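What follows is one structure encoded as structure tokens, with my remarks underneath.
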Amino acid sequence: MFTTFRKLATAVGTLAVALAMSVAAEAAPIGHTSFGVAGGFQLTSGTDLGNTNSFIITNGGAVTVTAADPYDLSALITVGGTGTLQGIPNLTAFTPITNFLLLATGVAIDLNTLAIDSRSGGPPGFLNLTGKGFLRAPGFDPTAGIFSWTGTTTDNLTFSFAVEASNAVPEPFSLGLLGLGLTGIALRRRMTQKAKLAA
């Protein structure tokens with residue numbers, strides 16, 4: 001019976017360690033990246049940057065990457081890359097926007113919060129927004145970051161995003177599997193030592 005139990009404990013321990021290692025290896029948070037895009041926008045008729053409550057991105061939302069310090073995402077974000085940026089339908093009663101920015105390489109930003117930092121109807125007019133969101137990229141975990149958006153009366157916009165510095169916290173599931181695996185290995189070792197002493 002002890003032999004069967006020992007084999008079962010070894011199998012469970014080995015499986016748990018293998019699962020924990022594969023889960024941990026699947027993806028990782030983005031450690032460092034920042035980039036910017038540019039495009040054009042249009043305000044609601046009869047408003048200016050000092051009082052508008054919404055805007056759309058012109059040319060079907062088309063934007064171009066104009067600045068890149070991509071580090072972890074160097075294969076996915078390059079100057080000249082293209083994508084789409086969504087307009088914001090309501091600045092004062094903002095609701096989160098999934099795929100606010102979507103690059104052709106699959107990099108995407110989900111916008112979760114929005115704040116109006118400063119604005120003026122002009123001339124010259126400007127609108128400065130900041131907020132927080134999640135950056136998603138193939139092969140990486142969604143990673144929190146901060147963004148800034150600036151629009152001017154020339155109808156040009158710049159949008160930049162940078163990953164927030166944070167210490168990655170391992171997922172509880174991965175830690176649990178690893179703990180189960182180590183427990184199984186320790187149990188097997190203890191039973192092997194008991195069997196040697198008894199013999």
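Net charge dipole, region 34-163: roughly 120 debye, given to the nearest 20, about the Cα centre with Cβ charges of +1 for Lys and Arg and -1 for Asp and Glu. Treating r as the C-beta distance of T78 and S54 and R0 as 35 Å, the FRET efficiency rounds to 0.65.
If you take the Cα Rg of region 34-163 and divide it by 2.2 N^0.38 Å, with N the number of residues, what do you get?
Dividing the Cα Rg of region 34-163 by 2.2 N^0.38 Å gives 1.01.
Placing pseudo-labels 7 Å out from each Cα toward the beta carbon at T95 and D117 gives an inter-label distance of 2.7 nm.
All of the numbers you see were taken from the coordinates with simple rules; none came from a lab. Keep in mind it's a predicted model, so treat the numbers as computed, not measured. So basically every Cβ, Gly included, is an ideal-geometry build from the backbone, and we count neighbours across all protein chains shown.
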